[in-house]
Each structure stands twice: as C-alpha cells, then as structure tokens.
Amino acid sequence: MVELTSKASRSHTDHEPGSPVPESVPVDPGILDEPIRLLIADDNRATREMLRDLLPGEGFQIVGDASDGPQAYELACSLRPEVVLMDLRMPGIDGIQATTLIKTQVPRTQIVVLTAFPEGDSRWAAKLVGAVSFLDKDAPLDELVEALRAAAIAYRTQSV
C-alpha cells in the first residue's frame, strides 16, 4: 500500500537514464497548471479508493478506475488519459499485457507501474513494453506523485 509519509530512506522508484523528462530538457513552468487526467488500474478496491481520495488534492483528475486488465485497456482506449497508474498483478490480463495493449492503441498515454511484487523480471518487462516508471506499493506518496507528474510532462511535451 502506498505510504502516507515523506521521502523514505531508500528509493522505491526506478529512475534510469531515458526517464520521461531528462533534467536537461527545459519545461514550461505552466505545463502542469491543468489537472492531470489519470486512470487508476488496480484489482485492490481499497487501493483504488485511497488513490481516488488522495490524488485530486495533488493536481490529478481521476477519469476512471479499473479492477482488471481488460477493463484498464477498455477505459484507456475510451477515456484517453494522459497517465495510467497500472498494477502488475490483476485478473484477466496482467499489467504487462494491459500496458502492451494500451501502448498499441493509445501510444501517447504514459504508464506508471505500481506493484507489491517488484522482484523478478517485472521491472524489465514493464520498461520493455513501454512503462515510463516503476514503483513499489510501499513508496511514499510524494514519490508516487513525482513519478505521475513526470509521466504527465512526458505526455504533454510529446509531438502529436
């Protein structure tokens, strides 16, 4: 579960070269003035509800939430969010497969993966299919918000 704390002593995010917005790229200071359109995809109802309660106060407009991979795909195609916050382990199709499908149909949409199971090849697989960031579910809220904002900046600075 996402913690409601300030920065933790260890990093939970996957920051690698090639992240959505490299520090050297100038970004319009007003780029995040409008709410960020976000779709939440997680099979845990309590997690979805908590994020729906917390993120609007951080500059996000929750356009929908999905409880499984097929629903995440359908909603991403119909709602066209700027960012999808994607759980990896969900019923139907998992987050990796859902990310693959979403990036095929709405390639501008940015995917941030949030998972309780960061071990194994998940991190690599998520990056391979187009996720821009990968966070553990125990990441502090400020790290989650930072990753989602970076993804939104990547979305808003892409050529159409």
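All of the numbers you see were taken from the coordinates with simple rules; none came from a lab. A quick note: this is a predicted structure, and the numbers were derived from the prediction, not measured. All Cβ positions, glycine included, derive from the backbone under ideal geometry; neighbour counts span all protein chains shown.
Okay, here's what the table says:
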item: Label-point separation in nm, ASP28 to ALA116, each point 7 Å along Cα→Cβ; result: 4.1
item: Cα convex hull volume per residue for region 36-157 (Å³); result: 85
item: Residues whose placed amide H lies under 5 Å from that of ILE36, excluding near-sequence neighbours; result: PHE60, GLN61
